[in-house]
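The values are calculated or read from the model by the stated rules, or taken from the named source; none is laboratory data. Just so it is clear, the model here is predicted, and its values are computed rather than measured. For neighbour counting, all protein chains shown are included, and Cβ atoms are generated from backbone atoms with ideal geometry for every residue, glycine included. Only protein heavy atoms, including side chains, enter the accessible area calculation; ligands, DNA and RNA are left aside. Shrake-Rupley method; radii C 1.70, N 1.55, O 1.52, S 1.80 Å.
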Amino acid sequence: TFAYAPVISRTDLEKYQAEVRRTEPEDHYASYAVFPVSTKERSVPVRYLYTFDPDLETLLGYDLETSENNAKAIEKAVSEDSPTMTDLLHLGLVISGSPKKGYVVMLPVYDVVDTSGLDREEKKTHLTGLVGAWLFPGDLLSSEEKNEIWSNKSVKLMVYDGEEFLYAVGEGEKTS
């Protein structure tokens with residue numbers, strides 16, 4: 001799943017929502033609304049979403065800034081000016097009943113080409129949005145691939161999220 005979320009000032013939020021409903025041709029934008037309601041100075045709502053996952057389709061309009069986990073990752077992405085991954089997210093906190101757990105990898109988008117000479121506060125003023133992708137470790141392999149790995153003892157697959165070991169499949173000496 002791939003997404004784009006612009007940074008919108010709280011004072012411009014109503015105007016932004018009306019513009020999206022008026023200008024986007026797809027039917028699902030007719031009722032576009034930013035959620036959950038927040039009193040933060042800015043909103044980072046998902047505007048464009050490319051997914052085949054019916055759960056994630058419901059995240060159109062979701063304000064990434066309302067999740068402490070996402071907000072920390074946004075801050076880190078801007079501070080380090082690099083792709084950043086959230087801590088483990090539980091989608092059930094946003095999408096009622098969803099058992100999915102995963103991560104969002106996000107990259108800041110600026111209105112200037114080169115941010116290397118800017119300090120963190122200056123980067124924040126040039127931040128126009130984020131591009132990102134949701135990743136679900138449990139879905140990286142199909143059931144058939146997982147079964148093949150389990151039955152083929154010469155293959156061992158180990159999955160890390162960059163810091164923590166998530167799971168391993170197989171027992172062999174070879175790795176892939």
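Quick look at the numbers
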{"item": "Tally of residues being open to solvent by less than 20 Å² (accessible area, probe 1.4 Å) and either of a type in the set (Asp, Glu) or without any contact (Cβ under 8 Å) to a residue 24 or more places away in the chain (or both) across the stretch 76-91", "result": "2"}
{"item": "Members of the stretch 1-58 found to be of a type in the set (A, V, I, L, M) and closer than 17 Å to residue 89 by Cβ, listed by number", "result": "3, 5, 44, 46, 49, 56"}
{"item": "Residues that are in a helix (DSSP H, G or I) and either within 30 Å of residue 114 (Cβ to Cβ) or aromatic (Phe, Trp, Tyr) (or both), drawn from the stretch 76-104", "result": "76, 77, 78, 79, 80"}
{"item": "Inter-residue pairs, beta-carbon under 8 Å, first over 16 Å from residue 130 (Cβ atoms) and in the stretch 1-18, second outside any strand (DSSP E or B) and charged (D, E, K, R), 6+ apart", "result": "10/40; 10/41"}
{"item": "In the stretch 39-57, the residues that are free of Cβ contacts under 8 Å to residues at least 40 places away in the same chain and either more than 23 Å from residue 107 (Cβ to Cβ) or touching a Gly at 6+ places or on another chain (Cβ under 6 Å) (or both)", "result": "39, 54"}
{"item": "Subset of the stretch 106-137 that is over 20 Å from residue 69 (Cα atoms) and among the small types (Gly, Ala, Ser) - its residue that is most open to solvent (accessible area, probe 1.4 Å)", "result": "116"}
{"item": "Qualifying residue in the stretch 92-105 (condition: over 30 Å from residue 164 (Cα atoms) and open to solvent by 70 Å² or more (accessible area, probe 1.4 Å))", "result": "no"}
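Conditions (1) assigned to a helix (DSSP H, G or I); (2) surrounded by 11 or more Cβ atoms within 10 Å (Cβ to Cβ); (3) touching a Lys or Arg at 6+ places or on another chain (Cβ under 6 Å), marked per residue:
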| position | (1), (2), (3) |
| --- | --- |
| 11 | yes, no, no |
| 18 | yes, yes, no |
| 22 | yes, no, no |
| 32 | no, yes, yes |
| 39 | no, no, no |
| 49 | no, yes, no |
| 60 | no, yes, no |
| 71 | yes, yes, no |
| 74 | yes, yes, no |
